[in-house]
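**Student:** Here you go, one structure.
Values in this text are rule-based calculations from the coordinates and carry no lab data. It should be emphasised that the depicted structure is a prediction, and the values quoted were computed from it without experimental measurement. Don't worry about glycine lacking a Cβ; one is built from the backbone with ideal geometry, like all the others, and counts go over all protein chains shown.
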């Protein structure tokens, strides 16, 4: 039996099915534990950008040094880093939390005359 497929105009839609289910599940574990430890959506209240960047880098560096799972929570370090980056991306895209952007404005620093990036 051959089924005739209906028309669906989704050529320019975001392809959310491209996410790895293992990635989503591991990030979901981190978020679930965070909701229990703090409260659901606690991160949406806003967190200073420097803290999110620092935390994501600590998880990435721990992974780079060979530690796969965070010893406190037991979940993959990169899933923790992904959560931090999700929080930071949310804050940046929504611009709801501009007050939490405490990172240096590097582009406003004076450039050195011999800097190759001038």
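**Student:** Let me know the volume per residue of the alpha-carbon convex hull for the stretch 46-101, in Å³.
**Tutor:** 63
**Student:** Here are some values of semi-axes √(5λ) of the Cα gyration tensor in Å: (i) 33, 24, 17; (ii) 38, 15, 13; (iii) 28, 24, 14. Which one was computed from this structure?
**Tutor:** Step by step, semi-axes √(5λ) of the Cα gyration tensor in Å for this structure corresponds to label (i).
**Student:** Fewest first, what order do 30, 68 take by the number of other Cβ atoms within 10 Å?
**Tutor:** Lowest count first: 68, 30.
**Student:** Moving to a separate point now. Hey, how many Å between the Cα centroid of the stretch 53-116 and the Cα centroid of the stretch 6-31?
**Tutor:** Value for the Cα centre distance between the two parts: 23 Å.
**Student:** Please tell me the relative contact order of the stretch 46-101 in percent, rounded to the nearest whole number, where contacts are Cα pairs under 8 Å and at least six residues apart.
**Tutor:** The normalised contact order for the stretch 46-101 reaches 45 percent.
**Student:** Give the order of 64, 1, 103, 86 when sorted by the count of other beta carbons within 10 angstrom, beginning with the fewest.
**Tutor:** 1, 64, 103, 86
**Student:** Given the DSSP H assignment, sum -39500 (n - 2.57) over each helix run of at least 4 residues in the chain and divide by its residue total; what's the result at 222 nm in deg cm²/dmol, nearest 500?
**Tutor:** Roughly -14500 deg cm²/dmol at 222 nm, from the helical runs in the chain.
**Student:** Which of 87, 19, 9 has the fewest other C-beta atoms within 10 Å, and how do the rest follow up to the most?
**Tutor:** Going from least to most buried by this count: 9, 19, 87.
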